[in-house]
1. Which of the peptides 281-293, 371-383 is most tightly packed, and how do the rest follow, going by the mean number of other Cβ atoms within 10 Å of each residue?
2. May I ask for log10 I(q)/I(0) of region 308-349 at q = 0.14, 0.31 Å⁻¹, from a Debye sum over the Cα atoms as equal point scatterers with solvent left out?
3. So what's the angle, to the nearest 10 degrees on a 0 to 90 scale, between helix 318-332 and the longest Cα principal axis of the chain?
4. Antiparallel versus total DSSP beta bridges in the chain: what percent is that, nearest 5?
5. Order the peptides 181-188, 113-120 from the highest to the lowest mean number of other Cβ atoms within 10 Å of their residues.
6. Restricting the count to DSSP beta bridges whose residues both fall in region 157-258, what percent are antiparallel, rounded to a multiple of 5?
7. Compute the angle between helix 163-175 and the longest alpha-carbon principal axis of the chain, please, reported from 0 to 90 degrees and rounded to the nearest 10.
8. Length gain on complete extension for the stretch residue 133 to residue 19, per 0.36 nm per residue less the alpha carbon to alpha carbon distance?
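Computed from the coordinates by the stated procedures, all read-outs in this text should not be read as laboratory data. In this text the structure is predicted, and so the values were computed from the model without any measurement. FYI the Cβ positions are ideal-geometry reconstructions off the backbone, even for glycines, and counts take in every protein chain you see.
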């Protein structure tokens with residue numbers, strides 16, 4: 001009997017080890033691969049486009065890679081971006097967004113803030129225990145992850161927290177193309193957890209841009225994909241005032257039409273819509289807000305980051321994205337349009353960050369001037385942050 005008990009105990013122990021390896025080692029990359037898909041493809045880039053692309057400084061307004069367990073500083077054969085692939089693509093500046101809450105049954109139409117789907121992911125990916133039930137702690141942990149990357153990169157990765165950081169990074173990049181600059185953003189302002197004091201907490205952690213909403217209504221106001229479709233709450237108006245005072249950049253991606261209208265009425269500072277489509281080109285009103293609001297954002301010196309996935313672009317091929325970028329330039333002005341990939345944001349794309357020259361090629365073939373290609377592919381975003389990041 002003792003031998004049988006010992007044998008069974010050994011089996012249970014072995015099964016526990018196997019289960020743990022599957023849950024904590026094998027499962028996280030499987031989830032990542034299933035959510036952040038790059039479709040099989042074959043693209044040809046002309047010699048002219050290759051030559052032009054080598055001279056560009058690329059920048060992107062939205063990537064969610066910090067949500068996933070893979071190490072940003074290492075190259076991977078899944079997902080859509082990491083630092084090596086950004087460098088291969090010619091990027092100098094990337095905004096890193098922190099996703100902190102995902103409701104069950106996520107959709108672009110109407111979501112309630114219920115059944116937190118990220119709790120299980122934080123457990124499986126081995127995040128600190130304090131992130132299980134705190135949205136704020138999830139944002140702080142993702143900021144910590146990016147700062148650890150900065151420490152490992154020996155000066156080749158710089159988190160820009162002010163104008164000087166960005167200028168210094170750009171100067172270093174001019175002589176060392178491995179230098180890459182990051183800016184931290186929250187995907188929605190729910191990490192504030194309804195407390196104005198947490199603005200300073202997130203700022204001290206390195207965040208310099210706040211998205212106001214994600215896929216659900218929060219304490220600040222209505223989401224484009226929420227239940228209420230309402231505008232800013234009194235708390236939301238207080239947050240906007242403090243953000244403006246501290247120099248935190250406002251991002252209205254995912255915000256309801258009424259919330260965007262309220263923000264534009266409340267302040268005249270330049271704002272961002274970091275990852276979006278253009279409704280006049282791609283008629284998906286559950287994801288893309290009206291052109292009249294885009295025009296107001298552009299008119300005040302704001303930035304419109306154009307995405308690469310189907311619900312934003314309708315046609316997510318390089319040609320389709322190029323045509324939407326051209327529509328944006330022709331409609332809102334060449335200085336307002338930027339790249340807003342939403343890479344690693346549980347979207348399906350046709351190319352990853354290392355293959356971005358296919359977009360340069362598509363823009364050339366579809367008639368965009370080289371001067372405007374430079375602006376759209378990176379210079380507009382670089383100029384925006386040089387002007388609008390805090391002074392110190």
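1. On the way: 281-293: 17.5, 371-383: 21.5.
So the peptides 281-293, 371-383, ranked by packing, come out 371-383, 281-293.
2. Taking Cα atoms of region 308-349 as identical point scatterers yields -0.31, -1.08.
3. Roughly 50 degrees, rounded to the nearest 10.
4. Taking every DSSP beta bridge with both residues in the chain, the antiparallel ones total about 10 percent.
5. Working: 181-188: 26.0, 113-120: 14.1.
Ranked from most to least packed, the peptides come out as 181-188, 113-120.
6. Working: 3 of 12 bridges.
Here the share of antiparallel DSSP bridges comes out near 25 percent.
7. That works out to roughly 90 degrees.
8. Numbers: separation 114, 0.36 × 114 = 41.04 nm, distance 2.42 nm.
Full extension from residue 133 to residue 19 adds 38.6 nm.
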